[in-house]
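**Student:** Shown below is the structure under consideration.
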Amino acid sequence: VDENVLVAQAVASRDVAAYSALARLHQSKVRGLLLRLTRGNHTTADDLAQETFLEAWRGIGKFRGESSFATWLYRIAYSRFLMQARKRRLDDQPAEWDATSPSGEDATLTRVDLERAFAKLLPAESAALTLCFALGLSNSEAAQALQIPLGTLKSHVLRGREKLKEILGERS
Amino acid sequence: MTEQELDAMLKQPLPERDAREFSVTLMEAIAQFEARTPRILAWLMLGILSLVIAAACAFVAKVAGRADFGAQSLAVPCALILLTLILSFAALQSVRE
């Protein structure tokens, strides 16, 4: 079934089945984004993802289709993350990647290396890069999702890229 | 590291996550959320119902002393019984939902 049809059904008649299908379609990406933002903390990331989808369900009637459904979900997910980060000082906690995943001994850069490098970025930089590259959003869509001006998003992307290049350059 | 290499790394899709357990938990949370309004309504009805029953008991106790069963004194208990029945039905419906 076309995603737009599912969205229309979920919005117009609060159709749980349609929303369930939408959640299945987007859960992996939302959880992936939150996992990166929480620096590899699976439990917190999945809890935040659950809250994101529940909040989206509560407010599904307010979805006007001004952005894509995915962008709307990412916006909720990022807001949830920021709220949680303020409450629990997630920034101060060590990245899970350091503790649990072994790094490659050779010079090849692995996903773990990338995630470790991401863990050293600011949440806004990490989110901007993930949305624009891994999740394929345009700059304006990513700015919408993070609720920041386009110029700010671009500077987050640039600064994030520079930091990553430096960190990964040292690694390789 | 070149710009191209960095681009290639950044464009790697995020690892695919299994939807099953996540979806089940989410659907349970949604079901709980959806059941909240009828549950609150049911408790509210129950509260009002208790008040109506208490009022009926007080009224009966009052008229029992007089033993006057005229048309007017019957109207109030009849209305109370009817209200009780309607509220019981509404509470039952809310709980069922």
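**Student:** So which residues in the stretch A:4-15 are surrounded by 15 or more Cβ atoms within 10 Å (Cβ to Cβ) and either within 12 Å of chain B (Cβ to nearest Cβ) or touching a strand residue (DSSP E or B) at 6+ places or on another chain (Cβ under 6 Å) (or both)?
**Tutor:** Selection gives A:10, A:15.
**Student:** I've got another one for you. Determine whether the stretch A:1-21 contains at least one residue that is among the acidic types (Asp, Glu) and either touching a Leu at 6+ places or on another chain (Cβ under 6 Å) or touching a residue at least 12 places away in the same chain (Cβ under 8 Å) (or both).
**Tutor:** Checked against the condition, which is being among the acidic types (Asp, Glu) and either touching a Leu at 6+ places or on another chain (Cβ under 6 Å) or touching a residue at least 12 places away in the same chain (Cβ under 8 Å) (or both), the stretch A:1-21 yields at least one hit.
**Student:** Any residue at all in the stretch A:57-67 that's farther than 25 Å from residue B:13 by Cβ and surrounded by 16 or more Cβ atoms within 10 Å (Cβ to Cβ)?
**Tutor:** yes
**Student:** Go through the residues of the stretch A:102-114 one by one and say whether even a single one is farther than 25 Å from residue B:3 by Cα and either more than 18 Å from the chain's Cα centre (by Cα) or modelled with pLDDT under 90 (or both).
**Tutor:** Yes - at least one qualifying residue is present in the stretch A:102-114.
**Student:** Further question: Return the residues of the stretch A:154-172 that are more than 10 Å from chain B (Cβ to nearest Cβ), surrounded by fewer than 18 Cβ atoms within 10 Å (Cβ to Cβ) and in contact (Cβ under 8 Å) with a residue 24 or more places away in the chain; say none if nothing qualifies.
**Tutor:** A:159
**Student:** Another question, if that's okay. Which residues, counting only those in the stretch A:126-153, are touching a residue at least 40 places away in the same chain (Cβ under 8 Å) and not in a helix (DSSP H, G or I)?
**Tutor:** Selection gives A:135, A:137, A:147.
**Student:** Something else about it: Can you name the residue in the stretch B:1-52 that is within 7 Å of another protein chain (Cβ to nearest Cβ) and within 25 Å of the chain's Cα centre (by Cα) and is also farthest from residue A:112 (Cα to Cα) among such residues?
**Tutor:** Per the criteria, the residue is B:33.
**Student:** Would you mention how many residues in the stretch A:59-81 are modelled with pLDDT under 95, in a helix (DSSP H, G or I) and out of contact with any helix residue (DSSP H, G or I) (no Cβ under 6 Å at 6 or more places or on another chain)?
**Tutor:** Qualifying residue count, the stretch A:59-81: 2.
**Student:** Further, regarding this structure: Please find, within the stretch A:9-30, the residue that is farthest from residue A:134 (Cα to Cα) out of those that are touching a Phe, Trp or Tyr at 6+ places or on another chain (Cβ under 7 Å) and of a type outside the set (A, V, I, L, M).
**Tutor:** A:19
**Student:** Looking at the stretch B:40-62, can you tell me whether even one residue there is within 19 Å of residue A:23 (Cβ to Cβ), out of contact with any strand residue (DSSP E or B) (no Cβ under 6 Å at 6 or more places or on another chain) and assigned to a helix (DSSP H, G or I)? It would help to see each step written out before you state the result.
**Tutor:** Looking only at the stretch B:40-62, we keep the residues that are within 19 Å of residue A:23 (Cβ to Cβ), and these are none.
So far as the stretch B:40-62 goes, no, none of its residues is within 19 Å of residue A:23 (Cβ to Cβ), out of contact with any strand residue (DSSP E or B) (no Cβ under 6 Å at 6 or more places or on another chain) and assigned to a helix (DSSP H, G or I).
The values are calculated or read from the model by the stated rules, or taken from the named source; none is laboratory data. Computed from a predicted structure; not experimentally measured. Note that each Cβ is placed from the backbone with ideal geometry, even for glycine, and that neighbours are counted across all protein chains shown.
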